[in-house]
Amino acid sequence: MVEEAGGIRVKVREFGGGIREVSLRRGVSVGELVKSLGYIIEEYVVAVGETVVTEDYLLNDGDEVVLYPVVSGG
Amino acid sequence: MANCSICGRQAIYVAKSGGLALCKKHFLEYFDRKVRKTIRKNKLFNKNDHIVVAVSGGKDSLSLLHYLVNLSKRARMGWRITALTIDEGVSGYRNYTVKRVKELSSTLGVELKIASFKDYFGYTLDEVVKIGKERGLPYLPCTYCGVFRRYLLNKVAREIDGMVLATAHHLDDVVQTYLMNIFSNNWSSIHKLTPSLTSVHKLFVRRAKPFYELLEKETTLYAILNGLYPSERVECPYAPLSFRWQVRKVLNYLEELRPGLKYSTMRSLMEATSLKNTALGEAMTCRVCGEPSSREICKACQLKAELGLLELRR
């Protein structure tokens, strides 16, 4: 999932948490991104910008990915 | 990118077990169909019921309150709905979630009743946990919280004339509890894991779980789409200490490897129990407090005695 020539950069924000920028190769899906961050896709609803997307959504350069945790304590 | 299996628009959700992709509109219809089916099949509510909804302020219970209020209007059910929040007294946590419940209740125009551990038991959960530690009791905070919260939900729902107590337990909760009870060989609790629970005890308020057949991911999506997902992430500091937390992690990991595993575990539960409105097997009355119990002294009074907050006389 490392940056290659012609790679893309996306911002990833866990809801209620900070933002980090991630470099990816082109053609990476939301599901692959979540997995590469060490998370379980079952535990997140993912949006790109304001729109909820499915895990096969292919990311574009400059996308802002928002991770909504499904699991909450309380 | 998946497209909606029904209309071809961009999908926001894929029901992996059935391979159905759904856009926002068709996801909300799917959600509604599933809940209505659970309500109808298990006869959870009648027209003009006074439904007390247990609302913690988390995404699931806020969604349940929102859904039932809207369903009552749409389907002209004539329900009187009251939100009931238990304030356990966990500093830095419950004050945030109570605020959310107040806001949503006010927006939806429903009555809200807040009952606190402090008022009913004389101690907050933080104080109870501290006393338990000092006395060397073996319980995790979630044990006290679960026992006292269930006790209060029933008692207060009855005090405010509730006919049924609705909780936001979803399929993930039920499957987790099923496995936890298998691990501890607690079959009497497994038999209570039904969408509806009644008792012949006159002080027991009937229970209903309208989200019984929904995955937690689906209730989360409903919350996001309806603007109910909490804007600040505040979690109970005790939650990660619980056994449930570990079971949930393992189940989600396995579900990713084998999609549909939660549904098949649910089918296993259905095999293990007869799911037709199971009545509580025993309907005893706690000899200390007079509340319904499955034993001579209810779990809440037993814990209070162990904490030194109550003296039991033989």
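Given an 8 Å cut-off on Cα distances and at least 6 residues of separation, report the relative contact order of chain B as a percent.
19
Would you tell me the mean number of C-beta atoms belonging to other protein chains that fall within 10 Å of each C-beta in A:35-41, as a whole number?
Partner Cβ neighbours, averaged per residue: 2.
Let me check I've understood the local charge: for B:Val35, count other residues with C-beta under 13 angstrom from its C-beta, Lys and Arg +1, Asp and Glu -1. What total comes out? It would help to have the intermediate numbers written out before the result.
Numbers: positive: B:Arg33, B:Lys34, B:Arg36, B:Lys37, B:Arg40, B:Lys41, B:Arg74, B:Lys209; negative: B:Glu29, B:Asp32, B:Asp60, B:Glu213, B:Glu218.
The answer is +3.
Using alpha-carbon pairs under 8 Å, 6+ residues apart, how would you state the relative contact order of the range B:1-40 in percent?
Computed over the range B:1-40, the figure is 31 percent.
Averaged over every viewing direction, what's the projected area of the C-alpha convex hull for chain A? Give it in nm², one decimal, please.
4.8
Here are some pairs, A:Lys11/B:Lys24; B:Lys25/B:Lys73; B:Lys192/B:Lys249; B:Lys24/B:Lys209; B:Lys130/B:Lys202; which of them have Cα atoms lying more than 26 Å apart in this structure?
B:Lys130/B:Lys202
Rounded, prolate or oblate: which fits the range B:114-217 when a ≥ b ≥ c are the square roots of the eigenvalues of the alpha-carbon gyration tensor, with rounded for a/c under 1.5 and prolate only if a/b beats b/c?
It is oblate, given that a/c is not under 1.5 and a/b is not larger than b/c.
Using a 10 Å cut-off on Cβ atoms, rank the peptides B:98-108, B:207-217 from the highest mean neighbour count down.
My ranking of the peptides, most packed first, is B:207-217, B:98-108.
Among B:128-136, B:20-28, how do they line up from the highest to the lowest mean number of other beta-carbon atoms within 10 Å?
B:20-28, B:128-136
Considering every residue in A:65-71, what mean count of other chain Cβ atoms within 10 Å of its Cβ is obtained?
5
Using unit Cβ charges (K, R positive; D, E negative) and no other charged atoms, how large, in debye to the nearest 20, is the dipole of the range B:1-40 about its Cα centre?
That gives a dipole near 160 debye.
Under the Kirkwood approximation applied to all pairs of distinct alpha-carbon atoms, what is the hydrodynamic radius of chain B in Å? Spell out each step's value before the answer.
Details: mean 1/r = 0.0484 Å⁻¹.
Every distinct Cα pair counted, the radius reaches 20.6 Å.
Send over the per residue convex hull volume for the range B:92-172, Cα only, as a whole number of Å³.
Working: hull volume 10.7 nm³, N = 81.
Considering the Cα atoms of the range B:92-172, their hull volume per residue is 132 Å³.
Between the helical axis of B:59-74 and the dominant principal axis of chain B, each derived from Cα atoms, what acute angle in degrees is found, rounded to the nearest 10?
70
Nearest 20 debye, what's the magnitude of the dipole of chain B about its Cα centre given +1 on Lys and Arg Cβ and -1 on Asp and Glu Cβ?
860
Ranking request for peptides B:230-236, B:219-225: highest mean number of other beta-carbon atoms within 10 Å first, then the rest in descending order.
B:219-225, B:230-236
How big is the dipole moment of the protein assembly as shown about its Cα centre under a simple scheme where the beta carbon of each Lys and Arg is +1, that of each Asp and Glu is -1, and everything else is neutral? Debye, nearest 20, please.
The calculated dipole for the protein assembly as shown is roughly 1520 debye.
Once you have the Cα-Cα distance between B:Leu312 and B:Ser17, take 0.36 nm times their residue separation minus that, and quote the gain in nm to one decimal.
Net length gain for the segment: 101.0 nm.
Please give the calculated 222 nm ellipticity per residue for the protein assembly as shown, where each DSSP H segment of at least 4 residues contributes -39500 (n - 2.57) and the sum is spread over every residue; nearest 500 deg cm²/dmol?
Here the helix-only value at 222 nm equals -12000 deg cm²/dmol.
Relative to the first principal axis of the alpha-carbon coordinates of chain B, what is the inclination of helix B:24-41, with its axis defined by its Cα atoms, in degrees from 0 to 90 and to the nearest 10?
Tilt relative to chain B: about 50 degrees.
With angles folded into 0 to 90 degrees, how steeply does helix B:171-183 sit against the dominant principal axis of chain B? Use alpha carbons for both and round to 10.
On a 0 to 90 degree scale, this one is about 50.
Summarise the partner chain shielding of B:194-201 as one whole number: the mean count of Cβ atoms from other chains within 10 Å of each residue's Cβ. Working shown, then result.
Details: counts 0, 0, 0, 0, 0, 0, 0, 0.
Average per residue, whole number: 0.
List the pair-distance distribution P(r) of the protein assembly as shown, using every Cα-Cα distance, as the percent of pairs falling in each 20 Å bin from 0 up to the bin containing the longest distance, rounded to whole percents.
Binned Cα distances yield the sequence 26, 57, 16, 1.
If I take every Cα pair under 8 Å that is 6 or more residues apart in the range B:45-121, average their sequence separation and divide by the length, what percent do I get for the relative contact order?
About 35 percent, as a whole number.
Laboratory data are not the source of any read-out in this text; all were calculated from the coordinates shown. Bear in mind the structure is a predicted one, so any value in this text is a computation, not a measurement. Every residue, glycine among them, receives a Cβ derived from its backbone with ideal geometry; neighbour counts consider all protein chains shown.
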